Amino acid sequence: MKTLLDRTLTEHIRALEAREYSSLELTRAYLDRIEEIDSEIGAYLFVNTDEALKQAVASDLRRRRGDTRSILDGIPYGAKDNLCTKGIPTTCGSRYLEHYVPPYSATVIERLAAAGCVFLGKLNMDEFAMGSTTEHSAFHPTKNPHDPTCSPGGSSGGSAAALAANEAVFTLGSDTGGSIRQPASHCGAVGIKPTYGSVSRYGLCAFASSLEQIGPLTRTVSENATILSFLQGQDPRDATSRSAPVDSREHTIALHTLRIGLPRELFSKDIAPEVRSRALDAAHMLEKLGALVEEVSLPSLTYAAPTYYILSAAEASSNLARMDGVRFGRRAEGVRDPEALYCRTRSEGFGEEVKRRILLGTFFLSRDRYDEYYKKAFRAKLLIQAEMTSCFANCHLLLSPTAFTSAPQLGIRESDPAAIHRRDLCTVPANLAGIPALTVPFGKDCCGLPIGVQLMGPLWSEPLLYKVGEELERIRAKEWGGR
Ligand code: GLN
């Protein structure tokens, strides 16, 4: 029998409407589950128990009065700990912000509150979203519920693990270079990096502002589309945010006229054979349904990973300069000299990976190196953007693996950080080009760990990505009984 926690968002919406159970019962069930399992998984950094129960009671009251705020009224969710939440700690997985309590909430948090959602708590992440395993969290690593010896991926590892361990109905993550899609892929979840500017970044602690977007992680594709529709839209507090052009919402292409490109560069020989074959299986099955599938080449993608790491480190070094020991967050004790205060606070507050990025970013932006690194990387980004745009003149979307492997083992210390960075090859192009990218679970590896397949489309093509994603979901259910 399905327990309350096994149900999907759609089922919860229907059941709440039918008064089968209340939001209070549902919220209690999730809080009990967190209590029972989270000491093992480590998905949460903060559990909002008392407030969540109050919000659930208020939602039930609204429902009794017949004035629910939206279909999501009473649905419990969790958010990555780099989204500011008024009155609730927001640490970014860093010692620097360990005791920081923001005086305001991110726009996405406000939008979900306005929709009546119940806020369960804050989810673990790599420090300041830098990493791909959640092991760079200053507090503790998160375990993959499919195999606790494995990482859930990162940096939104808490968001993906909470979903896989039934500790939330849906979660929010952020994706600067793959941080929603990679953990979603490793934990068997659906995750999207939306079109740049479609979701307000107000209240998201900035890592690399020109690349990142907030997005939902869910169990199914249609749920993902539902949640995203609540997050998207122009926000006066984020000057880069825009509303979708009206015609993009009607964007529908029949499957038998669909042209799908397989970018040769994203099927590199370094990708695990099982992961590569899942992506090829997905392409062949869509072909059987009438889509035209062909290999395409985007030579500039060879530079995508180094381009991403130069630009993101440069932006990080500038964004993180505000962590100065004076304005907010940590302050080293017993230091009077401002220079020493700055230095000590940052040395104590930041972890190894964050320090590496700040040092690199400062180097890339220094007067002597700017032309050689930052300017060149910026040009490479424009090239990647142009090449992807012209590719979409010939095909509707691109299909590729999401990550190089299934979930990696925890505790493997790679000696070469650049080798880890190269493994972001499949996810960083969408951030550099600003285009949307969706990952959908598609089969498992020989150990039973989930594998995701990625779909990328032109700006504002989310409806098409969701449509094809749902098709993959149907194929998966038929082939593997939903695995
Ligand atoms: N793994 C990438 C990095 O460490 C992506 C991070 C992200 O998307 N936030 O930069």
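Taking each residue of the range 457-473 that is in contact (Cβ under 8 Å) with a residue 40 or more places away in the chain and looking for partners that are assigned to a helix (DSSP H, G or I) and of a type in the set (D, E, K, R) with beta-carbon atoms closer than 6 Å, six or more apart or interchain, yields nothing. For the residues Gly191, Gly177, the requirement of being in contact with a Leu (Cβ under 7 Å, 6 or more places away or on another chain) and part of a loop (DSSP other than H, G, I, E, B) singles out Gly177. Which members of the range 115-125 meet the condition of being part of a loop (DSSP other than H, G, I, E, B) and within 13 Å of Gly42 (Cβ to Cβ)? Within the range 115-125, Asn124, Met125 meet the criteria. The set of residues in the range 44-76 that are part of a loop (DSSP other than H, G, I, E, B), of a type in the set (Gly, Ala, Ser) and either touching a residue at least 24 places away in the same chain (Cβ under 8 Å) or touching a Pro at 6+ places or on another chain (Cβ under 9 Å) (or both) comprises Ser70, Gly74.
Return a yes/no flag: does the range 423-442 have any residue that is outside any loop (DSSP other than H, G, I, E, B), open to solvent by less than 40 Å² (accessible area, probe 1.4 Å), more than 21 Å from Glu212 (Cα to Cα) and not polar (S, T, N, Q).
Step one: list which residues in the range 423-442 are outside any loop (DSSP other than H, G, I, E, B), which gives 428-433, 437-442.
This time we only want the ones that are open to solvent by less than 40 Å² (accessible area, probe 1.4 Å), so: 428-433, 437-442.
With more than 21 Å from Glu212 (Cα to Cα) added as a condition, the list becomes 441-442.
Now restrict to residues that are not polar (S, T, N, Q): 441-442.
Within the range 423-442, one or more residues are outside any loop (DSSP other than H, G, I, E, B), open to solvent by less than 40 Å² (accessible area, probe 1.4 Å), more than 21 Å from Glu212 (Cα to Cα) and not polar (S, T, N, Q).
Please work out if Phe119 is more than 16 Å from the ligand (Cβ to nearest atom), touching a residue at least 12 places away in the same chain (Cβ under 8 Å) and either in contact with a helix residue (DSSP H, G or I) (Cβ under 9 Å, 6 or more places away or on another chain) or open to solvent by 20 Å² or more (accessible area, probe 1.4 Å) (or both). Working first, answer last.
Numbers: more than 16 Å from the ligand (Cβ to nearest atom): yes; touching a residue at least 12 places away in the same chain (Cβ under 8 Å): yes; either in contact with a helix residue (DSSP H, G or I) (Cβ under 9 Å, 6 or more places away or on another chain) or open to solvent by 20 Å² or more (accessible area, probe 1.4 Å) (or both): yes.
Yes; evaluated as a whole, the condition is true for this residue.
For Gln234, the conditions (1) assigned to a loop (DSSP other than H, G, I, E, B); (2) touching a strand residue (DSSP E or B) at 6+ places or on another chain (Cβ under 8 Å); (3) within 18 Å of Ala113 (Cα to Cα) all hold with the exception of (2).
Checked against the criterion of being in contact with a strand residue (DSSP E or B) (Cβ under 6 Å, 6 or more places away or on another chain) and either at positive phi or within 16 Å of the ligand (Cβ to nearest atom) (or both), the candidates Gly158, Gly197, Gly177 yield just one match: Gly158.
Contact list please: Cβ distance under 8 Å, first residue in the range 359-372 and modelled with pLDDT of 95 or more, second residue part of a loop (DSSP other than H, G, I, E, B), pairs at least six apart or on different chains. What qualifies is Phe363/Arg369; Phe364/Tyr370. Among the residues of the range 283-308, which ones are in a helix (DSSP H, G or I) and open to solvent by 30 Å² or more (accessible area, probe 1.4 Å)? Listed by number, the residues that qualify are His284, Met285, Glu287, Lys288, Pro299, Thr302, Tyr303, Pro306.
The values are calculated or read from the model by the stated rules, or taken from the named source; none is laboratory data. Small disclaimer: the values here were computed from a predicted structure and weren't measured. Because the Cβ atoms are built from the backbone with ideal geometry, glycine has one as well, and the counts that use them run over all protein chains shown. Please note that ligands, DNA and RNA were not included when accessible areas were found on the heavy atoms of the full protein model with its side chains. Shrake-Rupley method; radii C 1.70, N 1.55, O 1.52, S 1.80 Å.
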